[in-house]
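The values are calculated or read from the model by the stated rules, or taken from the named source; none is laboratory data. Because the structure is predicted, anything quoted here is derived from the model rather than measured. Glycine also receives a Cβ, built like all others from the backbone with ideal geometry; neighbour counts cover every protein chain displayed. Protein only, heavy atoms only, side chains kept; ligands, DNA and RNA dropped before computing areas. Shrake-Rupley method; radii C 1.70, N 1.55, O 1.52, S 1.80 Å.
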Protein chains: 2
Amino acid sequence: MHRSRTYAIIIDTPEAEVSAAADFWSGVFGTRARPEPAEPQFQVLSRAIPGLVTAVQSVDAAARYHLDIETDDVAAEVARLVALGATEVATWLDCHVLRAPGGHLLCVIPVAGDPEVFRAEARTWPDQASGVDGVDPGAGKQPANGSG
Amino acid sequence: MHRSRTYAIIIDTPEAEVSAAADFWSGVFGTRARPEPAEPQFQVLSRAIPGLVTAVQSVDAAARYHLDIETDDVAAEVARLVALGATEVATWLDCHVLRAPGGHLLCVIPVAGDPEVFRAEARTWPDQASGVDGVDPGAGKQPANGSG
């Protein structure tokens, strides 16, 4: 079993337009765009959307949004999403970039936010062999169906 | 003054791929994709992301995500975002489609969710003439700095 939750919405922006985009989105949300010292390609829009990290990222690509999913087991979460139909696009540092059926991008990353939030909100996923439906954190243990 | 908040993230998907996309995203989030009876182009992913309506929308365009912003005054919110640098792209039913500096799409719609959530979470924006910074709902009045 492993766990995951939606962690962030990233506003990927061509480098030449990042400054204008950061100014715009900070105005939209009424917050400041602050550079992330350890990852200068990001400008974080704090408290822009409750519960979801929001940031403008400088990219060498066309403008797009993407979602970040944080997990306590990146390999297992990537395998789960691939089994659901995603294709692997790239790996960049800790981030595994996937393309969804339909064409949207999403990234799988190790737990990046508050561990307490992750503990409270992440969903639990059974091993691939037993299916892909999510199990709520509070769900009871399944009764034993046999002793093998 | 008027108010607004981020209401939804919409997974815009080319019509031919909507079925596969809805299946994929329902698996990602561990929820069901349910058609919206009044708006059949939407398949809503209930409780996918806390606090944010999440839906797959069939579109006659390339795959993209977009954000919906709900407001108690669509004209004033569109004017606010245009003043921040957005350009108006289209109007479709109640939805005003804007393009952000950098190229991302966002829509402004009348309040669509729970009025209590809107009351609790929406930010308050002063008239254009007095600036575009957000005011928190609980903020006190500024002291008078003079009588003119």
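Points worth noting:
- With the label put 7 angstrom out from Cα along the Cα-to-Cβ vector, residue B:47 ends up 2.8 nm from the copy partners, going from closest to farthest.
- Cα-centre dipole for the stretch A:1-113 with unit charges at Cβ (Lys and Arg positive, Asp and Glu negative), debye to 20: 380
- For the axis carrying chain B to chain A: nearest C-beta residue of B, whole Å: B:65, 2
- Of all segments of chain B bounded by trypsin sites (Lys or Arg not before Pro) found in a DSSP loop with no more than 14 other C-beta atoms within 10 Å, the longest spans B:48-140.
- The radius of gyration of the Cα set in the protein assembly as shown, together with its Dmax, comes out at 20.1, 86 angstrom.
- Ligands, DNA and RNA are left out, and with a 1.4 angstrom probe the accessible area of the stretch B:1-82 is 42 Å² per residue.
- Residue-averaged [θ]222 nm for chain B, counting only DSSP H segments that reach four residues, each worth -39500 (n - 2.57): -6000 deg cm²/dmol
- Using Cβ point charges alone (K and R +1, D and E -1), the dipole size of the protein assembly as shown about the Cα centre works out to roughly 460 debye.
- Rg of the Cα atoms in chain A, relative to 2.2 N^0.38 Å, amounts to 1.19.
- Between helix B:74-84 and chain B: long-axis angle, C-alpha atoms, 0 to 90°, nearest 10: 80
- Shielding of peptide B:101-111 by partners, expressed as the average count of other chain Cβ atoms within 10 Å per residue Cβ, is 5.
- Take residue B:110, move 7 Å from Cα toward the beta carbon, and the resulting point lies 5.0 nm from the same point in each other copy, nearest first.
- Where only C-alpha atoms are counted, convex hull volume of the stretch B:40-82 per residue in Å³: 127
- For chain B, the longest principal axis of the C-alpha atoms and the axis of helix B:18-29 are separated by about 70°.
- Percent of beta bridges antiparallel (DSSP, the stretch B:1-87, rounded to nearest 5): 70
- Two-site label geometry, residue A:75 and residue B:46: point separation in nm, points 7 Å out along Cα→Cβ: 3.7
- Most fluctuating residue given options B:16, B:83, B:48, as computed from a GNM of chain B linking Cα atoms under 10 Å: B:16
- For the stretch B:77-130, the dipole from Cβ point charges (+1 on Lys and Arg, -1 on Asp and Glu) about the Cα centre works out to 200 debye, to the nearest 20.
- Carbon and sulfur %, accessible surface of the stretch A:49-130 computed with the full protein complex present, 1.4 Å: 55
- Separation of alpha-carbon centers, the stretch A:1-79 and the stretch B:53-67, rounded to whole Å: 18
- Computed packing ranks the peptides B:105-114, A:100-109 as A:100-109, B:105-114, most packed first, by mean other Cβ atoms within 10 Å.
- Annotation: amide H of residue B:102 has no partner in the under-5 Å range at sequence separation 5 or more or interchain, hydrogens built in the peptide plane.
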